[in-house]
1. What are the residue pairs meeting all of these: first residue in region 256-273, first residue at negative phi, second residue in a loop (DSSP other than H, G, I, E, B) and not β-branched (Val, Ile, Thr), Cβ atoms under 7 Å, and 6 or more apart or on different chains?
2. Of all residues in region 302-320, which are part of a strand (DSSP E or B) and farther than 24 Å from Pro105 by Cβ?
3. Residues being assigned to a strand (DSSP E or B) and open to solvent by less than 20 Å² (accessible area, probe 1.4 Å): count how many of those fall in region 106-119.
4. So Ala337 fits all but one of (1) out of contact with any Lys or Arg (no Cβ under 8 Å at 6 or more places or on another chain); (2) over 24 Å from Ile116 (Cβ atoms); (3) surrounded by fewer than 17 Cβ atoms within 10 Å (Cβ to Cβ); what number is the exception?
5. Among the residues of region 178-197, which ones are farther than 22 Å from Tyr207 by Cα and buried (at least 19 other Cβ atoms within 10 Å of the Cβ)?
6. Hand me the list of strands (runs of 3 or more DSSP E) wholly inside region 147-242 holding 2 or more residues that are under 20 Å from Tyr136 (Cα atoms) and of a type in the set (A, V, I, L, M, F, W, C).
7. When you go through (1) open to solvent by 80 Å² or more (accessible area, probe 1.4 Å); (2) at pLDDT 90 or above; (3) part of a strand (DSSP E or B) one by one for Arg250, which number turns out not to apply?
8. Restricting to region 126-136, name every residue that is open to solvent by less than 20 Å² (accessible area, probe 1.4 Å) and assigned to a strand (DSSP E or B).
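The values are calculated or read from the model by the stated rules, or taken from the named source; none is laboratory data. In this text, all values refer to a predicted model and were calculated from it rather than measured experimentally. For neighbour counting, all protein chains shown are included, and Cβ atoms are generated from backbone atoms with ideal geometry for every residue, glycine included. We work out accessible area using only protein heavy atoms, side chains counted, and drop any ligands, DNA or RNA first. Shrake-Rupley method; radii C 1.70, N 1.55, O 1.52, S 1.80 Å.
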Amino acid sequence: MKRVLAGMITVLAIVAAGVLLSGCLSVSKAAEFFPVLQLAARPVADSIRADWSALTPYVAAKTSYTYFSPYSGKGELLPNPNYGPLLPYIGAEVSLSGYVMDVLPLYGLVTADGQIVTAPVYTEVLTNYGPFLLLYRASETDIHTRVTVAAPDGRWALDAGDWREFIPLEDTDNPRLAISQGDGSVIILDADGNVTAEFTRDALAPYLGDDYIWGDPIIGYIKGCALSYERGCLTAAFYDEDSPWGNYWRYECFINPDSGAVTDTPPAHWTPDNSWDYENPPEFDGYCYPEEVRDLTNDAVYYAAYPDCAELDGDWTLDLLDADGRPLIEDCLTSSALQWRPFAADGMLGVVKDGAFSYTKIDTGDVVFRYPLRTNSD
């Protein structure tokens, strides 16, 4: 009998749903036509007992931050001489489907004393380009990612335009940044954000051909002309397996960022740098795969390394070590799709942990900045 009644209720429920969706009956009218549904619902509801003591009380994530005034918000970085060093933080995770990763991080900028300068709107923040920050932001109207080039302290910022490559000119006394553009030109920026030189397509085409393009992540270097900096000279080269230089690159022209000259012959005593310039990481007892973590605001060097190397399958943790391999913080970063290695800045450790990103003093453990992660739905 119970099975029959249950079947009748199921059929009536399906019919009721169809009638309601068709717009023929209101909810109150439908109740008059299907009294069995009402009668069957009462004893079930009366028999439910909830044990609320089994639930973990909700505890809001702790926060520790303020907003810099004026606050850039979700817009681009507003240049200001009063920020001090700008540090990246991970402030949001974007869930994806049909991609190689389930989630991706979004970055913002914060001051060393925990004042938020920008909301987490950047897809990447690169800090290893000498005295330049590269702030990547996905465009809503173009597949080409927009990039803001800025000083590490945010005193100036400018749009990189239709960029293709960023090449740091790592002269100790005069660091600069070369940016190749979609129109075939190359501009040179100094550490104050000034354009100190520009090489137009007309100046380069006699050496590279009328239809040359600069290589980028979409086109690739094999089809495009690659720009690089070697021994004080910018070089423009095409991929060539039969290159006489022995490094798969056929050099077509040499660009002097100081004099503005473009030639098809290298400067005197110039030879290409074919070395990888790679140093093996140090070895520390009890750890494997140490990776250098350099402080973003000074020359301090730390290492992030895996303890218990035999248990690297699946989840992992990292310990933070000093330059001599002595442990400073254990389990400083646990397995996460949002962050693969910790940040170090102004003597602080920056990591994603327990649903938030935080900067804490390495020597004391004091929390300077803590920002709960946002998601797509926030």
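1. Within 7 Å, the pairs are Trp270/Arg231; Pro272/Trp245; Pro272/Asn247; Asp273/Arg231.
2. Pro307
3. 8
4. (2)
5. Selection gives Leu189 alone.
6. So the answer is 157-159, 163-169, 176-181, 186-190.
7. Against the list (1) open to solvent by 80 Å² or more (accessible area, probe 1.4 Å); (2) at pLDDT 90 or above; (3) part of a strand (DSSP E or B), Arg250 comes up short only on (2).
8. Within region 126-136, Leu133, Leu134, Leu135 qualify.
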